[in-house]
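The values are calculated or read from the model by the stated rules, or taken from the named source; none is laboratory data. Just so you know, these numbers come straight off a predicted model, no measurement behind them. Glycine gets a Cβ as well: all are built from the backbone with ideal geometry, and neighbour counts include every protein chain shown.
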Amino acid sequence: MLIKRDFYINGQWVAPAAPHDCIVHDPSTEEPCAVISLGGQADTDAAVAAARAALPGWSATSAPGRLELAERILAAYTARADAMAAAISLEMGAPIDMARSDQVSAGTTHITNFITAFKAFEFIRPLGPQAPQTRIAFEPVGVAGLITPWNWPMNQIALKVIPALLAGCTMVLKPSEIAPLSALLFAEVLHEAGVPPGVFNLVNGDGPGVGTQLSTHPDVAMISFTGSARAGVAITKAAADSLKKVALELGGKGANLIFADADAEAVKRGVRHCFNNSGQSCNAPTRMLVERPAYARAVEIARETALATRVASAHEPGRHIGPVVSAAQYAKIQALIETGIAEGARLVAGGPGRPDGLNRGWFVRPTVFADVTPDMTIAREEIFGPVLSIMAFDTEQEALEIANGTPYGLTNYVQTADGPRRNRLARHLRSGMVEMNGVSRGPGAFFGGVGASGRAREGGHWGIEEFLDSKAISGWFGD
């Protein structure tokens, strides 16, 4: 049992002001694996005070100095990769090989891309030739409250902490209390890299506690939150009284439009993407829309792919999916699978209960529903588990209407050999991101959505600008 009760405040590990233990469970066994403490108002106040005191000095540092620190963080993070993978696998159930190759490397990739973006970043820019004496300046927002989820811990922490540092902000991080171990290790990485005291602070806690305290704190200028739409609404309301800047990266219900001329691997690729991380990704393509001539074959490929998807302990090596993160998440997914059956969707793979041979741990059977209609619950709600809904379409316009028939708008996907059709659909799909024919977004592209998926822009220079205020200056002297 790991004992991790301390918080990181003002460059030191400090005990909570009042004891409030929280047990962390191993999703593969359901057994307790660590004890942390949930912070209270006194802990939040101490962390915010440290960040506020450090702000003048840190915001005045040079861009080369901040860049050098980011490079030291990257080196320290890379050196702790194996320990980080073990922590993520233990706390949230990512299979250990996947934790190394995907979860940890997401942090590496984001830090690297921010370093690249920052090297070309201009904090003072000419407005344009039409206004030779006008400049646009970018200045740090101030103290930032960072609230991150459990499903991709290092992905989201790196997407917030690194650009905040580069922008010149100081911060308080509240990671998920369900999966806090990797965040505590990340704090050690920052300490080793020499982040000045007070610039980065970490207080564990839950949403109603530390999350609300950061959202309402008068000395916190900005909240950057990743999580559910419901929590995003609550945070926005809590932050309104103090007129904070709020950046939200929320859920999704991605549509994957597969046309009859798509490549042979399109369906299998879509199923695997949906099931990756045990389906616990906000950008998962959970709605597969298939052109009718290819529909029957697509359902069969999806069924075969689901049946071939191995489910096993996160502690076992190999290519498989692990458990979902918690008992509550398991119960939610089971209820939605039962609802899909009750509402008339055709179950072609998986279904309720645990996979054969797994009687303990929060394991979900990789599940595929066919003949789903847009009005069904499983087509509308974010399930956040390895559950795929397949539906047919006859025309491009019908596919577009189904895809856009959701309040979410994070990532949509298109699979077709028709180039002009790809481009046309990419412009008409209502989402912050569109990925086509299995081609990932390029390095430095942002991650973010529209509508109920929030409107944050994380990654690249957009991610740095999230933590900056812009200032228009006239009468500028010189070049």
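Some observations on this one:
- Lone qualifier among Ala99, Ala47 - being aliphatic (A, V, I, L, M), in the same structural domain as Val172 (by TED's automatic domain parsing) and over 19 Å from the mean Cα position of the chain (by Cα): Ala47
- If you go through the range 356-385 and pick out every residue that is closer than 23 Å to Ile178 by Cβ, buried (at least 23 other Cβ atoms within 10 Å of the Cβ) and aliphatic (A, V, I, L, M), you end up with 2.
- Residues satisfying the criterion are absent from the range 460-472 (criterion: within 22 Å of the chain's Cα centre (by Cα), closer than 17 Å to Ala284 by Cβ and at pLDDT 95 or above).
- Every residue from the range 17-44 that is assigned to a helix (DSSP H, G or I), in contact (Cβ under 8 Å) with a residue 60 or more places away in the chain and surrounded by fewer than 18 Cβ atoms within 10 Å (Cβ to Cβ): Gln41
- Filter result (free of Cβ contacts under 8 Å to residues at least 24 places away in the same chain and either in the same structural domain as Thr286 (by TED's automatic domain parsing) or surrounded by 22 or more Cβ atoms within 10 Å (Cβ to Cβ) (or both)) within the range 236-269: Ala264
- Some residue of the range 52-59 being in contact with a helix residue (DSSP H, G or I) (Cβ under 7 Å, 6 or more places away or on another chain) and either hydroxyl-bearing (Ser, Thr, Tyr) or buried (at least 16 other Cβ atoms within 10 Å of the Cβ) (or both): no
- Tally of residues being among the hydrophobic types (A, V, I, L, M, F, W, C), over 20 Å from the mean Cα position of the chain (by Cα) and assigned to a loop (DSSP other than H, G, I, E, B) across the range 273-311: 1
- The range 312-430 holds helices (runs of 4 or more DSSP H) entirely within its bounds, and those carrying 3 or more residues that are within 27 Å of Arg455 (Cα to Cα), modelled with pLDDT of 95 or more and under 21 Å from the mean Cα position of the chain (by Cα) map to 327-342.
- Condition check for Ala312: small (Gly, Ala, Ser) and surrounded by 13 or more Cβ atoms within 10 Å (Cβ to Cβ): yes
- With respect to the stated conditions, Ile402 is touching a residue at least 24 places away in the same chain (Cβ under 8 Å) and crowded, with 16+ Cβ neighbours inside 10 Å.
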